[in-house]
1. In region 55-66, which residues are part of a loop (DSSP other than H, G, I, E, B) and charged (D, E, K, R)?
2. Determine, yes or no, whether Thr68 is of a type outside the set (A, V, I, L, M), under 21 Å from Val119 (Cβ atoms) and surrounded by 14 or more Cβ atoms within 10 Å (Cβ to Cβ).
3. Go through (1) out of contact with any Phe, Trp or Tyr (no Cβ under 6 Å at 6 or more places or on another chain); (2) touching a residue at least 40 places away in the same chain (Cβ under 8 Å); (3) closer than 23 Å to Ser120 by Cα; (4) surrounded by 15 or more Cβ atoms within 10 Å (Cβ to Cβ) one by one and return the number of the condition Ala40 breaks.
4. Hey, among Val119, Val103, which residue is among the β-branched types (Val, Ile, Thr), more than 16 Å from the chain's Cα centre (by Cα) and under 21 Å from Val12 (Cα atoms)?
5. Which one of Ile28, Ile69 is within 17 Å of Gly9 (Cβ to Cβ) and either outside any helix (DSSP H, G or I) or more than 11 Å from the chain's Cα centre (by Cα) (or both)?
6. State all residues of region 51-65 that are open to solvent by 30 Å² or more (accessible area, probe 1.4 Å) and of a type outside the set (S, T, N, Q); if no residue qualifies, say none.
7. Here's a check for you: in region 81-117, which residue that is touching a helix residue (DSSP H, G or I) at 6+ places or on another chain (Cβ under 9 Å) and part of a strand (DSSP E or B) is nearest to Gly42 (Cα to Cα)?
8. List every residue pair whose Cβ atoms sit under 6 Å apart, with the two residues 6 or more apart in sequence or on different chains, where the first one lies in region 69-81 and is within 13 Å of Ser7 (Cβ to Cβ) and the second, anywhere, is of a type in the set (Lys, Arg) and part of a strand (DSSP E or B).
Amino acid sequence: QVQLVESGGGLVQPGESLRLSCAASGSIFSINAMGWSRQAPGKQRELVAAITSGGATNYADSVKGRFTISRDNAKNTVYLQMNSLKPEDTAVYYCNAKVRTRVGGPLLRMWGQGTQVTVSS
């Protein structure tokens with residue numbers, strides 16, 4: 001069994017920063033891509049940022065230049081540094097990872113439980 005546990009959410013004012021972390025644990029053979037998505041009230045979940053095992057990154061247009069995704073492969077952990085936060089960034093942020101639990105096994109997309117980020121003055 002694989003678990004993803006997020007941390008680092010909270011309430012901040014516009015213009016401030018937050019750093020989210022997500023650690024994967026359990027029966028992990030390898031992790032391919034990792035990423036962050038978010039879901040605001042009444043809206044669909046959207047991709048925020050993703051990073052491959054080799055470090056290539058991809059960002060939603062709305063966060064380019066403000067958010068940075070990174071990962072520590074030795075710790076099976078992905079981070080999201082969020083700077084210059086705006087009220088429209090308010091959402092529940094979910095991490096996800098594509099995981100193999102055994103050699104030659106299928107890639108499984110796993111999700112964390114979500115962490116709330118609220119940007120408000």
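The values are calculated or read from the model by the stated rules, or taken from the named source; none is laboratory data. Predicted model, so just to flag it, every value in this text is computed and none were measured. No Cβ is skipped: glycine too gets one built from the backbone with ideal geometry, and neighbour counts run over all protein chains shown. Quick note on the areas: whole protein, heavy atoms, side chains included, nothing else; ligands and nucleic acids left out. Shrake-Rupley method; radii C 1.70, N 1.55, O 1.52, S 1.80 Å.
1. Lys64, Arg66
2. Answer is yes for this residue.
3. If we test Ala40 against (1) out of contact with any Phe, Trp or Tyr (no Cβ under 6 Å at 6 or more places or on another chain); (2) touching a residue at least 40 places away in the same chain (Cβ under 8 Å); (3) closer than 23 Å to Ser120 by Cα; (4) surrounded by 15 or more Cβ atoms within 10 Å (Cβ to Cβ), just (4) comes out false.
4. Val119
5. After ruling out the rest, the residue left standing is Ile69.
6. Those that are open to solvent by 30 Å² or more (accessible area, probe 1.4 Å) and of a type outside the set (S, T, N, Q): Gly54, Gly55, Ala56, Tyr59, Asp61, Lys64, Gly65.
7. Looking at residues that are touching a helix residue (DSSP H, G or I) at 6+ places or on another chain (Cβ under 9 Å) and part of a strand (DSSP E or B), I get Val117.
8. That search, which allows pairs on different chains as well, returns Val78/Arg71.
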